[in-house]
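*Asks:* Okay, here's the structure, questions in a sec.
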Amino acid sequence: MKSIYKKKVHLLLLAVLCLTVLLFIPQKVQAAAVKKPSQVKNLTVKLTAKRAAKLTWKKAAHAKKYQVYCSVNGGKYKKIKTTKAASVTHKKLKTGAVYVYKVRGINQGKKGSYSSVQRIRTLADTKPGLSAAVTGTTAVLEWNKVKNATGYYLYKAGANGKWNKITAVKERSYVVNGLELGGVYSYKVVPYLSANGKTFKGSSSVKKITMPASGWLLDYVQPYAKPLSYESYNARAFTMRGTSYTHGFAVRGTLRNDEGIYFNLGGKYAFLTFKTGMKDGKYTARKPAKVTIKADGKNIENGIFEIKDDEAFSIHTINVKGCKDLRICIVPEDIIKLPDTEYGFADVKLSK
């Protein structure tokens, strides 16, 4: 009986030993077969939307899965995805941020080397703000910097309210010319980010400009036609009756009937108002002068008057509605060889 019992024990021990060997040998062989993945190559990152990026890379040898890591704005790398595919889409990105990515392959417990890093920028979701400084017919549009913007689109609203793109600039200002009295203008600035052949627009800011119904003549219409020398025409500041004026001009009495100061009003205005008088100064001869104002070659009502030395300056309002070509002629009443008197047209204002 003891012999039989011993044989059974030996057989049982042998069976356990064989089973242990059978289980142990495959694990050793399998562990020896697991290889470290090679380095991930050709990592590319592209923005596919304002807050989404797609990563793609070349499959690495021996990699069963891939770990994707990301650093935001220079922070520590964090794992955002483990995937079997050779691509991944990263969504819900922060705006106005810098993202840096790297990828490595894994094969069970073995990890490959990281890929080279790739970075992208996202456009900040902040409005640039828009202001306008208007001087005469010119407006200087300015706005704030938007983080990571490549540039800015400028739009102007048409008569139908539809926005029309004017230009794209990298600077944060733009000069608009040709504004008119009584006009209403609307402008819009939109920051944009160009990446991988695509353009992503940010939040816009709008500015409405309402021009005044009246303004200084020389701010909106400059003299033209026959050139006048300084001896005949002076648009710089001058004094009249002890007051300095900058919004007008002085005319020396050397003009003749074939001369004048011409303004192309373009039929856009209704009234012209101004003050006239003799400019302050010491003259060899102070002569009264006759003023004749013509619209499109015809005399204007109240457009013929005298400037006298013994009177304070006078104020005039003339109707120029529909006038395209305005001509102001001034001739001394007593013609002498070299009259040097200057006559002032001050606070010359146009109205719609």
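The values are calculated or read from the model by the stated rules, or taken from the named source; none is laboratory data. Treat the numbers as computed from the prediction; the structure is a model and nothing was measured. Reconstructed Cβ throughout: ideal geometry from the backbone, glycine too, with neighbour counts over all protein chains shown. All accessible areas refer to the heavy atoms of the entire protein, side chains included, with ligands and DNA or RNA removed. Shrake-Rupley method; radii C 1.70, N 1.55, O 1.52, S 1.80 Å.
*Asks:* Could you list all residues from region 138-165 that are open to solvent by 70 Å² or more (accessible area, probe 1.4 Å) and more than 18 Å from residue 180 (Cα to Cα)?
*Replies:* Our first condition is that a residue be open to solvent by 70 Å² or more (accessible area, probe 1.4 Å); within region 138-165, this holds for 142, 144-145, 147, 156, 159-160, 162-165.
Passing the criteria: 142, 144, 145, 147, 160, 162, 163, 164, 165.
*Asks:* Are there any pairs with C-beta distances below 7 angstrom linking a residue in region 103-129 that is closer than 16 Å to residue 68 by Cα and free of Cβ contacts under 8 Å to residues at least 12 places away in the same chain to a residue that is open to solvent by 20 Å² or more (accessible area, probe 1.4 Å) and aromatic (Phe, Trp, Tyr), with the two at least 6 apart or on different chains, and if so which?
*Replies:* Short answer, once both residue conditions are applied: none.
*Asks:* Could we say that residue 166 is of a type in the set (A, V, I, L, M) and over 18 Å from the mean Cα position of the chain (by Cα) here? Can you show your working first?
*Replies:* Working: of a type in the set (A, V, I, L, M): yes; over 18 Å from the mean Cα position of the chain (by Cα): no.
Against the criterion (of a type in the set (A, V, I, L, M) and over 18 Å from the mean Cα position of the chain (by Cα)), residue 166 does not qualify.
*Asks:* Any chance region 16-34 includes a residue that's modelled with pLDDT of 55 or more and either touching a strand residue (DSSP E or B) at 6+ places or on another chain (Cβ under 9 Å) or among the acidic types (Asp, Glu) (or both)?
*Replies:* Taking region 16-34 first, the residues modelled with pLDDT of 55 or more are 32-34.
Right, trim to either touching a strand residue (DSSP E or B) at 6+ places or on another chain (Cβ under 9 Å) or among the acidic types (Asp, Glu) (or both) and you get 34.
Within region 16-34 (the criterion being modelled with pLDDT of 55 or more and either touching a strand residue (DSSP E or B) at 6+ places or on another chain (Cβ under 9 Å) or among the acidic types (Asp, Glu) (or both)), the answer is yes, since at least one residue qualifies.
*Asks:* Would you be able to tell me the number of residues in region 252-291 that are open to solvent by 30 Å² or more (accessible area, probe 1.4 Å), modelled with pLDDT of 85 or more and farther than 14 Å from residue 344 by Cα?
*Replies:* 6
*Asks:* Given 63, 85, 52, which one is surrounded by 13 or more Cβ atoms within 10 Å (Cβ to Cβ), touching a residue at least 12 places away in the same chain (Cβ under 8 Å), among the hydrophobic types (A, V, I, L, M, F, W, C) and farther than 16 Å from residue 120 by Cα? Show your work before the answer.
*Replies:* Working: 85 fails: surrounded by 13 or more Cβ atoms within 10 Å (Cβ to Cβ); 52 fails: farther than 16 Å from residue 120 by Cα.
Going through 63, 85, 52 in turn, just one is surrounded by 13 or more Cβ atoms within 10 Å (Cβ to Cβ), touching a residue at least 12 places away in the same chain (Cβ under 8 Å), among the hydrophobic types (A, V, I, L, M, F, W, C) and farther than 16 Å from residue 120 by Cα: 63.
*Asks:* Using the structure shown, decide if residue 294 is at pLDDT 90 or above and open to solvent by 10 Å² or more (accessible area, probe 1.4 Å). It would help to see each step written out before you state the result.
*Replies:* Numbers: at pLDDT 90 or above: yes; open to solvent by 10 Å² or more (accessible area, probe 1.4 Å): yes.
Considered against the rule, which asks whether it is at pLDDT 90 or above and open to solvent by 10 Å² or more (accessible area, probe 1.4 Å), residue 294 comes out as yes.
*Asks:* If I filter region 149-161 for residues that are at pLDDT 95 or above and farther than 26 Å from residue 96 by Cα, do I get at least one hit? Write out each step before concluding.
*Replies:* We begin by selecting, within region 149-161, every residue at pLDDT 95 or above; these are 149-157.
Next, only the ones that are farther than 26 Å from residue 96 by Cα stay: 156-157.
Yes, there is a match, as at least one residue in region 149-161 is at pLDDT 95 or above and farther than 26 Å from residue 96 by Cα.
*Asks:* Follow-up question, since we're still on this one. Hey, can you tell me all the residues within region 105-137 that are in a strand (DSSP E or B), open to solvent by 30 Å² or more (accessible area, probe 1.4 Å) and of a type outside the set (S, T, N, Q)?
*Replies:* 110, 111, 119, 121, 132, 133, 134
*Asks:* What are the residues in region 219-242 that are among the small types (Gly, Ala, Ser), over 16 Å from residue 340 (Cβ atoms) and at pLDDT below 75, if any? Explain how you work it out, then say what you get.
*Replies:* To start, the set of residues in region 219-242 that are among the small types (Gly, Ala, Ser) comprises 225, 229, 232, 235, 237, 242.
In the following step, the residues that additionally are over 16 Å from residue 340 (Cβ atoms) were identified as 225, 235, 237, 242.
Listed by number, the list holds a single entry, 225.
*Asks:* Answer yes or no as to whether residue 179 is touching a strand residue (DSSP E or B) at 6+ places or on another chain (Cβ under 9 Å) and not in a loop (DSSP other than H, G, I, E, B).
*Replies:* Working: touching a strand residue (DSSP E or B) at 6+ places or on another chain (Cβ under 9 Å): yes; not in a loop (DSSP other than H, G, I, E, B): no.
Here the answer is no, as residue 179 does not meet what is asked.
*Asks:* Now for a separate question. Going through 208, 145 one at a time, which residue ends up being over 10 Å from the mean Cα position of the chain (by Cα) and among the basic types (Lys, Arg)? Even if it seems obvious, please write down each step before you answer.
*Replies:* Working: 145 fails: over 10 Å from the mean Cα position of the chain (by Cα).
Result: 208 is the single residue among 208, 145 that is over 10 Å from the mean Cα position of the chain (by Cα) and among the basic types (Lys, Arg).
*Asks:* If you don't mind, another one. Can you pull out the residues in region 176-227 that are of a type in the set (Ser, Thr, Tyr) and within 18 Å of residue 273 (Cβ to Cβ)?
*Replies:* The first filter runs over region 176-227 and keeps only residues of a type in the set (Ser, Thr, Tyr), leaving 185-187, 192, 194, 199, 203-205, 210, 214, 220, 224.
Scanning region 176-227 gives 214, 220.
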